[in-house]
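What follows is a single structure, written as structure tokens, with notes after it.
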Amino acid sequence: MALPLLAGKRIAVLGSASGLGLAVAAAAEAAGAEVLGIDGAARFDHLSALYRIEPGEAGAAEAVAAALPE
């Protein structure tokens, strides 16, 4: 049996709580990826981790980028 397309991959998805970001997070998880969600809310149960971000806050994107694993 073949491995899932994204097995062993880690993917960070900005906007993972709704819309296109939610669809990308779900598809990546279904394809075997470890999904790191970046959003202000958690609405997808299969995230490996959630990094909360408030887009209006100064330095928010930089703080999340620094917190993500390599």
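The values are calculated or read from the model by the stated rules, or taken from the named source; none is laboratory data. Note that the coordinates shown come from a computational prediction; the quantities given were computed from them, not determined experimentally. Cβ atoms come from the backbone with ideal geometry, glycine included; neighbour counts cover every protein chain shown. For accessibility, only protein heavy atoms count, side chains too; no ligands or nucleic acids. Shrake-Rupley method; radii C 1.70, N 1.55, O 1.52, S 1.80 Å.
If you sort Glu29, Glu70, Glu62 by accessible surface, 1.4 Å probe, largest first, the order is Glu70, Glu62, Glu29. For the charge dipole of the chain, defined by +1 on Lys and Arg C-beta atoms and -1 on Asp and Glu C-beta atoms about the Cα centroid, which residue among Ala2, Ala27, Ala66 has the Cα displaced farthest towards the positive pole? The residue sitting most towards the positive pole is Ala2.
Charge dipole of the chain (Cα centre as origin; +1 on each Lys and Arg Cβ, -1 on each Asp and Glu Cβ, all else neutral): 200 debye, rounded to the nearest 20. Approximating the spin labels as points 7 Å out from Cα along Cα→Cβ, the Ala30-to-Arg10 distance works out to 2.5 nm. Under the 0.36 nm per residue contour assumption, what length would be gained going from the current alpha-carbon distance of Glu54 and Ala2 to full extension? Length difference between fully extended and current span is 14.8 nm. Is any residue of the range 27-70 close enough, with backbone N under 17 Å, to a label point placed 7 angstrom from the Cα of Ser18 along the Cα-Cβ axis, and if so, which? Only 38-45, 52-57 pass the distance filter.
The per residue volume of the convex hull around the alpha-carbon atoms of the chain is 75 Å³. Structure remark: mean-square fluctuation, Gaussian network model of the chain, C-alpha springs under 10 Å; the largest value among Ala25, Ala41, Ala58 belongs to Ala58. Ile11 sits with roughly 50 Å² accessible to a 1.4 Å probe, with DNA, RNA and ligands left out of the calculation.
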